[in-house]
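Novice: Following this message is one structure expressed as C-alpha cells.
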Amino acid sequence: MHACFAVVNTAVHTHEESQLLTTPKPTRFRHQKLRDALRDLSPLGDAVSVGSAVRELFEHGYLDLPLLGAKDTRTRFRCLVELGAHDLSLSRLAQSHADALSILHEAGRDPVAKCVYGVWANRSHEQLMRAECTSEGWLLHGELPNSAGVNTVDRVLILARLPEPMLFDVPRSALGSIEVETYRNVGMAAADSCSIHLERCRLPVDALVGSPGFFTSRRGFWAAAIDIAACWHGGAVGVYRAALDQLSQSVAFDTHAQVHLGAAFASLSAAGQVLHDAAHAIDAGENTAALQRRALWTRHIVEQSCFAVLDHMSRALSDTPMMFDAAQARRIADLPVYLRQSQAERDLATLGELVSKIDDANWL
C-alpha cells in the first residue's frame with residue numbers, strides 16, 4: 001500500500017476525532033484596534049500595495065481573527081466588514097487567511113507558524129485539479145482558476161480530487177515554476193488573482209488535511225460562506241460611507257439624494273441584521289443542515305443589499321464618484337466582481353429545494 005493511502009486512513013480517524021474537539025476559547029480581539037490600523041495603512045491601489053498591507057496586518061496580529069464558532073464570530077464578521085469597507089481586495093486575502101486557520105483547527109491541525117495562508121478551493125472548479133498517490137507521496141496536477149494572492153501567500157490549502165475531493169496544505173515554494181494566466185479584469189485586480197496551471201507538484205504524505213470529503217462536509221464550510229458575505233457587506237459599507245461624505249459636502253444634497261441615502265441605509269441595516277443573526281447561530285452550534293440554509297439565504301440577502309447600495313448611491317451622485325474619486329471608483333468596480341463568487345440562481349435553486357422539505361418556518 002502506498003504511504004499516502006496509509007495517511008488517508010489516519011486522516012479519516014483524525015477527522016472523526018476532530019468532531020469532538022472542544023470549542024476554542026473566545027479571542028479578546030479588539031475590533032477598534034483593527035479600524036485604527038487600517039487608517040494608518042499606506043494608500044492601496046494595486047496588488048503590490050495590497051500584498052504589503054496584508055503582510056503588515058499579519059505581522060502585527062490583525063489577521064488573527066476569532067475562529068468561526070469560538071463564541072466571538074460577531075467580532076470576526078465586524079472585522080471583515082471593516083476590511084471590506086477599507087478595500088475589498090484586502091478583505092478577500094484576509095478572509096482567505098482566516099478561513100484557512102479555521103479549517104486547520106477543524107481538522108485538528110496547527111498552522112505553520114509565521115505563514116500567511118490562502119485557500120484555493122473553489123468547488124465549481126474542483127474537477128480541474130487532480131491528486132495522484134505515489135510511493136513517495138502526492139502529486140497534484142491541473143488548473144486552479146481564480147487563485148487569489150498568488151504573490152502574497154506563504155502556504156495555500158488546495159482542493160483536488162482522487163476522485164474524492166481532498167484538501168492539501170501546500171507551501172507556496174512547492175508550487176515551483178508555475179504557469180500563470182493573469183486575469184484582465186479591472187474589478188478586484190489588486191487581489192492578485194490568476195489562473196494557475198500545475199504540472200506534477202510533489203507533496204509529502206502528510207500534506208493531506210482531514211479525510212477525503214472533509215472540506216465540504218464540515219460545519220465550517222457553510223460558516224465560511226457567510227464569512228465571505230461579511231466581506232461583501234463591507235464593500236457596500238465602504239461605498240455608502242464615501243458617498244455619504246461626498247453628499248455632505250455637496251450643494252446637491254437635496255430630497256432626491258436623501259431618498260437614495262435612506263434606501264441604501266435600510267438595505268445595509270437589513271443585511272447587517274442577518275449577518276448578526278448568523279454569527280449568533282454559528283456560535284450557538286446550529287447544525288450543518290440548518291447552517292447551509294442560513295448561509296444560502298444570508299448570502300442572497302447581502303448580495304441584493306450590495307447591488308441596491310451601488311444603484312442608490314450612483315443615482316444620488318450620478319457619475320461624479322466614478323469620474324473624480326479613484327478610491328470610490330475602485331470600490332464600485334470591485335464589488336460586482338467579488339459578488340460573483342456567489343453561485344446566484346444555482347444557490348437559490350438549492351435553497352428552494354431545501355426549504356421545500358420544511359413544513360413550517362419561524363417567520364418572526
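Each value in this text was obtained by applying a stated rule to the coordinates, not by laboratory testing. Just so it is clear, the model here is predicted, and its values are computed rather than measured. Methodologically, a virtual Cβ is constructed for each residue, glycine included, from the backbone with ideal geometry; neighbour enumeration extends over all protein chains shown.
Novice: More than 22 angstrom separation, counting every C-alpha pair in the range 73-151; what % is that?
Specialist: Cα-Cα pairs in the range 73-151 separated by more than 22 Å: 40 percent.
Novice: Using Cα positions and a limit of under 13 Å, work out the aspartates and glutamates in reach of Lys33, with same-chain residues fewer than 8 apart set aside.
Specialist: In chain and number order, the partners are Asp64, Glu82.
Novice: Right, next: Classify the range 192-273 as rounded, prolate or oblate from the Cα gyration tensor: take a ≥ b ≥ c as the square roots of its eigenvalues, call it rounded if a/c is under 1.5, otherwise prolate when a/b beats b/c and oblate if not.
Specialist: Cα axes put the range 192-273 in the prolate bin.
Novice: Here is a follow-up. If we count other beta carbons within 10 Å of each Cβ, what is the order of Asp227, Asp40, fewest first?
Specialist: Lowest count first: Asp40, Asp227.
Novice: A further question follows. Considering only Asp110, Asp99, Asp169, give the residue with the highest GNM mean-square fluctuation for the chain, with springs between Cα atoms whenever their separation is below 10 Å.
Specialist: Asp110
Novice: Suppose we keep just the alpha-carbon trace of the range 50-90; what are its Rg and Dmax in angstrom?
Specialist: In Å, with Rg to one decimal and Dmax whole: 10.7, 31.
Novice: Now a separate question. Taking +1 at the Cβ of each Lys and Arg and -1 at the Cβ of each Asp and Glu, which of Ile358, Ile332, Thr320 sits farthest along the dipole of the range 306-364 towards its positive end, judged by Cα position relative to the Cα centre?
Specialist: Of the options given, the answer is Thr320.
Novice: State to the nearest 20 debye the size of the charge dipole of the chain about its Cα centre, where the only charges are +1 on K and R beta carbons and -1 on D and E beta carbons.
Specialist: 420
Novice: Right, something else. Hey, in the GNM for the chain with a 10 angstrom Cα cutoff, which one of Phe221, Phe265, Phe253 fluctuates hardest?
Specialist: In the Gaussian network model the winner is Phe253.
Novice: If you compute Rg and Dmax of the Cα atoms in Å for the structure shown, which of (1) 19.9, 61; (2) 24.3, 77; (3) 20.8, 76 do you land on?
Specialist: Comparing each candidate, only (3) matches the computed number.
Novice: For the chain, set up a GNM with springs between Cα atoms under 10 Å and report which of Met323, Met188, Met313 has the largest fluctuation.
Specialist: Ranking Met323, Met188, Met313 by mean-square fluctuation puts Met323 first.
Novice: Under a straight-distance cross-link criterion of Cα-Cα below 12 Å, which aspartates and glutamates are reachable from Lys71, leaving out those fewer than 8 residues away in the same chain?
Specialist: Asp283
Novice: Now a separate question. How large is the helix-only mean residue ellipticity at 222 nm for the chain, computed as the sum of -39500 (n - 2.57) over DSSP H runs with n ≥ 4, divided by its residue count, in deg cm²/dmol to the nearest 500?
Specialist: Computed mean residue ellipticity for the chain: -18000 deg cm²/dmol.
Novice: Here's another thing I want to ask about it. With all distinct Cα pairs included, what does the Kirkwood hydrodynamic radius of the range 218-355 come out to in Å, to one decimal, could you say?
Specialist: So the Kirkwood estimate lands at 15.8 Å.
Novice: Taking the Cα centre of each part, how many Å lie between the range 99-174 and the range 61-82?
Specialist: When both Cα centres are located, 23 Å separates them.
Novice: Counting only trypsin sites (Lys or Arg not before Pro) that sit in a DSSP loop (anything but H, G, I, E, B) with at most 15 other Cβ atoms within 10 Å, what is the longest stretch of the chain containing none of them?
Specialist: Segment 185-339 is the longest.
Novice: Where nothing but the Cβ of Lys and Arg (+1) and of Asp and Glu (-1) is charged, how large is the charge dipole of the range 218-355 around its Cα centre, in debye to the nearest 20?
Specialist: 280
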